[in-house]
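Remarks on the structure that follows.
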Amino acid sequence: MNRGQSGGDLMISAVIVPGHRVASGTNGNPRFPGGTIRMQLPHFRARGLDLDAFYPGTLNVSIAPRRFRVLSPRQTVPALKWHPEDPPEDFSFFDVTVHRTGTPPVRGLIYHPHPETKPTHFQTPDVLELLLPWTEGLAYGTRLELEVPAGQMTFSGD
């Protein structure tokens, strides 16, 4: 783990991995028409968090063998009731800048549904979900560097 360009940021190596495809709605689950992110957008907006600049799906990245630990999120949205049948969930968001060789950096957010309030579709402890603007050239297996403010998350394990 290296310090980022601003000195207070951490640089973490990651690789794009397949997800559940529920956030984007590409898995076709009728419980989440259009995907969970599209369903959540108006609820987040009503709570003061506008995510319209991001693609309505998450990019899953593995930071294995590392794991992350939450320190101080940029924003937390507690008890968000976004689905008519499921209980409310807590969400936290963290700043991230994605770096790839030969392309400009892309700023986004780490999207973190709290596991203790999430009813299904759990991630392994090494997977982060990213909200980014639509970005060309991303595919499973693509290697990335994630720049994360040191005060928001920490990473352990090698």
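Among the residues of region 142-150, is any within 21 Å of residue 40 (Cβ to Cβ), in contact (Cβ under 8 Å) with a residue 40 or more places away in the chain and surrounded by fewer than 17 Cβ atoms within 10 Å (Cβ to Cβ)? Give the derivation first.
Of region 142-150, the ones within 21 Å of residue 40 (Cβ to Cβ) are none.
Within region 142-150, not a single residue is within 21 Å of residue 40 (Cβ to Cβ), in contact (Cβ under 8 Å) with a residue 40 or more places away in the chain and surrounded by fewer than 17 Cβ atoms within 10 Å (Cβ to Cβ).
Cβ-Cβ below 6 Å, separation at least six or inter-chain, first residue in region 79-91 and part of a loop (DSSP other than H, G, I, E, B), second surrounded by 11 or more Cβ atoms within 10 Å (Cβ to Cβ): which pairs?
Partner pairs satisfying both residue conditions: 81/88; 82/39; 82/40; 82/43; 86/119; 88/79; 88/80.
Restricting the search to region 127-141, which residues are of a type in the set (Phe, Trp, Tyr) and surrounded by 15 or more Cβ atoms within 10 Å (Cβ to Cβ)?
Those that are of a type in the set (Phe, Trp, Tyr) and surrounded by 15 or more Cβ atoms within 10 Å (Cβ to Cβ): none in region 127-141.
What are the residues in region 88-103 that are surrounded by 15 or more Cβ atoms within 10 Å (Cβ to Cβ) and not charged (D, E, K, R), if any?
Across region 88-103, the qualifying residues are 91, 92, 93, 94, 96, 97, 98, 99.
List every residue pair whose Cβ atoms sit under 9 Å apart, with the two residues 6 or more apart in sequence or on different chains, where the first one lies in region 123-137 and is acidic (Asp, Glu) and at pLDDT 90 or above and the second, anywhere, is in a loop (DSSP other than H, G, I, E, B) and loosely packed, with under 10 Cβ neighbours inside 10 Å.
Partner pairs satisfying both residue conditions: 126/65.
Suppose the filter is touching a strand residue (DSSP E or B) at 6+ places or on another chain (Cβ under 8 Å) and within 20 Å of residue 127 (Cα to Cα); does residue 76 pass it? If you could, list the steps in order and put the result at the bottom.
Numbers: touching a strand residue (DSSP E or B) at 6+ places or on another chain (Cβ under 8 Å): yes; within 20 Å of residue 127 (Cα to Cα): yes.
Judged against the criteria, residue 76 is a match.
The values are calculated or read from the model by the stated rules, or taken from the named source; none is laboratory data. Being a predicted model, the structure only gives us computed values, none of them experimental. Backbone-built Cβ (ideal geometry, glycine too); neighbour counts: all protein chains shown.
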